[in-house]
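The values are calculated or read from the model by the stated rules, or taken from the named source; none is laboratory data. Note that the structure is predicted; figures quoted are calculated from it, not measured. FYI the Cβ positions are ideal-geometry reconstructions off the backbone, even for glycines, and counts take in every protein chain you see. With ligands, DNA and RNA removed, areas are computed over all heavy atoms of the protein, side chains included. Shrake-Rupley method; radii C 1.70, N 1.55, O 1.52, S 1.80 Å.
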Amino acid sequence: MKKLILIITLLVILAGNSYAQEGGAEPPYGMGHLEAYSLFYENFRTGDYEMARTYGEWMLEARPREIQGHSSFTLDRQFERMIDVYAGLGEEETDPVEQRNLFSKALEVFDLALETFTEEEIDYFRWTYRKGRFFQENRDYVDDAMDQAYAEYLKAYEMDSERFVGTSDGYYARILLDHYVSSGEREKALAMIEDMEPLAGPTLQNAINEARNSLFSDPEERVVFLEEELAESDDPEGLLSELATLYEEIGDREKALETAERLYDLNPNYANTQTLAEIALSNANYRQAAQYLEEAVEKASNDDQRKRAYLQLAETQQNTENLQAARTSARRAINIDSNYGEAYMRMATIYAAVISNCTSGRSIERSDRTVYWLVLDYLDQAAQADASVRNAANRRKESYTPVMPTTEDKFFSGWETGESFTIDGSVGECYSWINETTTIR
């Protein structure tokens, strides 16, 4: 039935008038331009690419700029459709030789378009990067497809770098940059990064950062590169921040401190204050670290930053044996986040340190051992509140359990398991500031 309709349609067309073609090939079967185009479009629309090819190849040969009776006809649009026709036939073809031939014909249409139309008639940039995309998307059917895709993307980039970077949220720019990085073409990659970075959105900027890290994975080499960049930069904050970290990594503490101080002078925000604190901690300069951490607490922009700064401050204060201040800082971290397991762990560590301080120079007595009940309370809370510290809390409990008051200690002191017990001056003057209640274990 379908063949019968096609034969009748052809007979009707052959009986009709045809329009003369000025200096070009005529449509097949002696039909007119409008009829030939109509059959091409209808078969293209319905996916009958084999039939569409017959009439489409006439248009590629004749290249009519207009078709009488069809005011919206544009030749470049038919070129685009013929690319789809050849690619569609190629995907369905089972003979690998013919399959590659069809994809080659599709690629020839790209070249024919640039040969046929001027830059005023078509967008050369768009046709060039679309040719690159065609190579990329059909790399299973075209030899050396990705190398040719990169070449087309480079042409488009050189035509208009700003537009290329903005196309598809920098997707094609990322592909070209990754190619240069993976093939070891460092100079090309760096030149592209320098050109693209001022134009990059967040996604492309992340790709640029990853590419830069890949190009300079060796810390010493990256330091040299960043120092050169810093000398020419009008916005040095990001470079200084990375350099401070790298100097620490390679063990150049003097330069790390110098760079961090320069960064702090430039912008004394939370992050830069925290950096100075961490450098001071790495140098065991706990008093200076505590000063910066107190500043960081005030500059924190959210509770997560604030609780971590308090916890770090508690550890720093404990290192200077300012145990009461350390407890205050750890409690403030818990007040911000009652499920902050590390803060409960720090409380246990602080009270264990109190026992060590109070028994320094003498033997530990049964009253001193009662404070371990409080230590175990905080380890229990850590394990219950935060699964991430549960194993560590349980291991530490095992180490403290043997030093708790023994059954004999409890008997001679009249302590009953399960009763409340207050750790204060009654335990010993050294513990008077604790003033917390625990449970006899």
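Residues of segment 337-370 with an amide N closer than 19 Å to a point placed 7 Å from the Cα of Thr422 along the Cα-to-Cβ direction: 367-370.
How much mean residue ellipticity at 222 nm does the chain get from its helices, if each DSSP H run of length 4 or more adds -39500 (n - 2.57) and you divide by all residues, to the nearest 500 deg cm²/dmol?
Working: 23 runs with 307 residues, N = 441.
The helix-only estimate for the chain comes to -22000 deg cm²/dmol at 222 nm.
Straightening the chain between Asn335 and Val97 buys 78.4 nm, computed as 0.36 nm per residue apart minus the Cα-Cα spacing.
Taking the Cβ of Thr349 as the center, what net charge do the other residues with Cβ under 14 Å away carry, scoring Lys and Arg +1 and Asp and Glu -1? Numbers along the way, then the final one.
Working: positive: Arg327, Arg331, Arg346, Arg395, Arg396, Lys397; negative: Glu315, Glu321, Glu342, Asp377.
Here the charged neighbours net out to +2.
Taking 0.36 nm per residue of sequence separation and removing the Cα-Cα distance, the Asn267/Ser356 pair yields an extension gain of 27.9 nm. Mean-square fluctuations from a GNM of the chain, with a 10 angstrom spring cutoff on Cα atoms, peak among Glu416, Glu294, Glu210 at Glu416.
Ala325 sits among other residues whose Cβ lies under 13 Å from its own Cβ, and their net charge, with Lys and Arg +1 and Asp and Glu -1, is +2. Looking only at segment 179-218, which residues have a backbone nitrogen under 19 Å from a spot 7 Å from the Cα of Asp169 in the C-beta direction? Flagged as within label range: 197-211. Under the convention that each Lys and Arg Cβ holds +1 and each Asp and Glu Cβ holds -1, the size of the dipole of segment 314-434 around its Cα centre is about 260 debye. Between Thr320 and Glu398, the simple label model (points 7 Å from Cα in the Cβ direction) yields a spacing of 3.7 nm. Note on segment 158-181 and segment 198-221: Cα centroid distance 14 Å, given to the nearest whole angstrom. Each other residue within a Cβ distance under 15 Å of Leu34 adds +1 if Lys or Arg and -1 if Asp or Glu, for a net charge of -3.
Largest first, the extents of the alpha carbon coordinates of segment 216-375 on the three principal axes equal 67, 34, 26 Å. Between Ser388 and Ser217, the distance separating the two model label sites (each 7 Å from Cα on the Cα→Cβ line) works out to 2.8 nm. Estimated at 0.36 nm per residue, the fully extended path between Arg139 and Phe412 surpasses their Cα-Cα distance by 89.7 nm. Its relative contact order, with pairs defined as Cα atoms under 8 Å and 6+ residues apart, puts segment 112-171 at 28 percent. Pairwise Cα separations in the chain fall into 10 Å bins from 0 onward with the following percentages, short to long: 4, 14, 15, 13, 11, 10, 10, 9, 7, 4, 2, 1, 0.
Ranked by the mean number of other Cβ atoms within 10 Å per residue, highest first, peptides 238-246, 113-121 order as 238-246, 113-121. Note on surface exposure: Trp433, Trp373 rank Trp433, Trp373 by accessible area, highest first, 1.4 Å probe. For Leu190, the solvent-accessible surface with a 1.4 Å probe is about 40 Å², rounded to the nearest 10.
Hey, what's segment 40-108 come to in accessible area per residue, 1.4 Å probe, Å²?
On the way: 3460 Å² over 69 residues.
With the other protein chains kept in place, segment 40-108 gives 50 Å² per residue.
Accessible area per residue (1.4 Å probe, heavy atoms of protein chains only) ranks Tyr49, Tyr351, Tyr171 as Tyr171, Tyr49, Tyr351, with the largest value leading.
Which residue, Ala284, Ala207, Ala149, tops the fluctuation ranking in a GNM of the chain built on C-alpha contacts under 10 Å? Of the options given, Ala284 has the highest mean-square fluctuation.
At 0.692 mPa s and 37 °C, plugging the Kirkwood radius over alpha-carbon pairs of segment 181-256 into Stokes-Einstein gives what diffusion coefficient in µm²/s? Could you put the intermediate results ahead of the total?
On the way: Rh = 13.2 Å.
Diffusion coefficient, whole number: 249 µm²/s.
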